[in-house]
Structures are given as structure tokens and as C-alpha cells.
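Enquirer: Handing you this structure, nothing more for now.
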Amino acid sequence: MFDLSACYVERNREGDYNLHWRGSQPGQRIAVYMADSADAYYEGAHPGEPLLYTTEPEVLITNPDKSIRHYFYLEAESGEAAVLAERQLPLEGAPNFRDLGGYETYDGRRTKWGRLYRSSKLSDLSDADLQRVHRLGITLVCDFRQLLEQELEPSRLSLGHPSQHASLPVTPGSLKSFLDELQSGVIAVDDSAKLMQEINRELVSHQMPQYAEMFRLLLLEDQQILIHCASGKDRTGFGAALILDVLGVEEDRIVEDYLLTNKYLALEENIEQLSQVVADQSGEPVPREVLEPLLQVRPEYIAACFEEIRKRYDSKEHFFETALNLDEDKLAILRERYLHD
């Protein structure tokens, strides 16, 4: 089997693809295929003629059309195979737009590429971004931002896009709410890291109906879903964790996906911008050590969610059925749709 934790695709500055992989038998010949859809790979159809053969663990592939997203199929001489795609989509106005494909589950299956997406707000998408996103075939968009956030920064994606849009406002996790409380003196400046853990616990204790509705919509038909909030890190991070958890992805892999937000968001730029405009209750500038925990994601934040779930529910299955309204039959439908062998 290919080690999916060591297999990845990234674009270089020229927009070409760097593919990296690790198989169970290093040095064997690998056939590399490329297509603009992963469907044929998952349906068992032969992917046609290989783009190239190689015995190396990485390869640079010229991108024939930089406006299209490509998927890669690796087939080793031994018969093992893997589907790969880039984790982060190259969008100018949504740098945290990511695919949840390629994660292995506890029973050895893998999440499909091109079916489950997570992102930050969609109000800053460029015209080129819109064209790239439209080509993804997304059918359901779940917006976890509060209603005021949605009104102030409406999603550009809604203009002419044929997908269903669901407004599912999640109360905690709003940067504006935190800053308002900080400036009014409700929150002391040394509470930001603890607050983020409390916010994540509150997602479990008070916000589950919105996430249950996400799954209800996901089950209505064979959807390609995009979930998002403002920065795509807290409310969306928990939603993505739930999707991966329901599909059977191990908790360690879920945490790895959660932490990728630190890689894709411009943390230093955001800290610099906030430090110039935000003061605490005494009127002093808020120091970096307060803002940094607020703008980052940390393992203990998502761990707080899982801890709260274990505290409130007898088992994972009890949580799925009670909080998310997902019985065994519904779980089986989701796993059939979004996993492959």
C-alpha cells in the first residue's frame, strides 16, 4: 500500500505539479496517470495510457491547463494504487480552500478527492477563482458564519452558481465577538488560548443542530459539499473534523488536517493588522502573545471538542446517532459515497 501520509501534490510557482509518494516497495516502477476528474479512478475504469513511468519517489509534471484541477493515479508494478490531488486549491481570494480527500480510515479505505471541501469566506474570490470553483461541481455550500457576517460579506459564489446554499449560523468562533468582548473588558488579555478551547467545547455543547443539519443535507443526494466560515479554521475546522470522524478517519489524521490551517492562512500578516487596530479594556495595544492563540489553530483546540464529546456521550456511535441523527444505515450511505477501497 502507498503510505498516504507521505503522498502529496503541490503546485510550484510556475503552476506545474510536484508529486511525492512512498510505497511499500521502494524502487519499483510506478505508472503515473493524469485526468481532470477522479470519477473514472473510483469507478474502476482503466485510466488510459500513463503519462509516464518512473522508479523515483517524486516527479515534476508540466501542467497542461492551469485553470483546471488535475487528479493523479499512481499504479505500482505490484498492483498497489493511489489517487492523489493537491490539498490546497490555488485561489487568490480564499487561501484556506482545501480538499478533504486522501485520508485513510480505520478499515483501510480512503476519502475520495473532489467530493468534500472546506474553506474560508467566499466574498473575496476573484473572477478567475470563480471559474476554478465552478468547475469543481460543488452542489451544496454550508455557511457557518453568523447572519451579520453573511450580510456584510456575501459570498460571491452564490452569483450564478447552481449549488444549494445553506445558512447554518454557528454562534461561537467569531473573531468580531471575541474582539468586542476583549475591548469591553469581559475577557482579560491572558485568556485567549483558554477561550479558544472553551469555544470548541461550546461547539459540542450548544451548536450540534447546525452540524446535524449539514449531514441531513449531505444525505439528501450524492452531494459535493463545501463548508466554510470566515477564516475556515474554527467553525469550519470542527465541521471538517466531524465529516472525517463520521467517515472513520483516525483522530490523529483529523488533527493533522485541522492544523493545516496554520500553513495556509497568513498568520503574521493577520497579527500585524490586528495589533494596529485592537486595544484591550485599558486602551493599550493587544500584545502578540494574546492575538497569536486567537488566530492560530492548535491541537488542544480540536482536542477540546473530542474531550467534550467523550464527556457527554457513551460512545462514538451514541454521539453520531444522538447529536447528528446518523444511525448505522445513514453512516453506511455516507461511507459508500465518500470512501473508496
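Enquirer: Add +1 for every Lys or Arg and -1 for every Asp or Glu among the other residues with Cβ under 11 Å from the Cβ of Arg288, and state the total.
Expert: -4
Enquirer: Another question about this same structure. About its Cα centre, what dipole magnitude does the chain give when the only charges are +1 on Lys and Arg Cβ and -1 on Asp and Glu Cβ, stated in debye to the nearest 20?
Expert: 380
Enquirer: Ok, one more. Among Gly101, Ala76, Leu136, whose Cα sits farthest toward the positive end of the charge dipole of the chain (+1 at Cβ of Lys/Arg, -1 at Cβ of Asp/Glu, about the Cα centre)?
Expert: Leu136
Enquirer: Subtract the Cα-Cα distance of Arg288 and Asp327 from 0.36 nm times their separation in residues, and report this length gain in nm to one decimal.
Expert: 9.5 nm
Enquirer: What does the charge count around Glu328 come to, taking other residues whose C-beta lies under 13 Å from its C-beta (Lys +1, Arg +1, Asp -1, Glu -1)?
Expert: -2
Enquirer: Using a Gaussian network for the chain with springs between C-alpha atoms less than 10 Å apart, which of these wobbles most: Asp257, Asp314, Asp234?
Expert: Per the Cα network of the chain with a 10 Å cutoff, Asp314 tops the list.
Enquirer: Calculated from DSSP H runs of 4 or more alone, at -39500 (n - 2.57) each and per residue, what is the 222 nm mean residue ellipticity of the chain, nearest 500? List each step's numbers first, then the result.
Expert: Details: 14 runs with 134 residues, N = 341.
Taken over the chain, the calculation gives -11500 deg cm²/dmol.
Enquirer: Starting from the Cα-Cα distance between Arg335 and Arg13, subtract it from 0.36 nm times their residue separation and give me the gain in nm to one decimal. Before the final figure, lay out each step's value.
Expert: Working: separation 322, 0.36 × 322 = 115.92 nm, distance 3.60 nm.
Going from the current span to full extension adds 112.3 nm.
Enquirer: Moving on. Under a point-charge model restricted to the Cβ atoms of Lys and Arg (+1) and Asp and Glu (-1), what is the dipole moment magnitude of region 4-84 relative to its Cα centre, in debye to the nearest 20?
Expert: Dipole size: approximately 220 debye.
Enquirer: For Tyr33, what is the net charge nearby, where nearby means another residue's Cβ is under 9 Å from its Cβ and Lys, Arg count +1, Asp, Glu -1?
Expert: Details: positive: none; negative: Glu49, Glu75.
Taking every Cβ under 9 Å from that of Tyr33, the sum is -2.
Each reported figure results from applying straightforward, stated rules to the coordinates on display, with no laboratory input. Nothing here was measured: the structure is a model prediction, and the numbers come from that model. For neighbour counting, all protein chains shown are included, and Cβ atoms are generated from backbone atoms with ideal geometry for every residue, glycine included.
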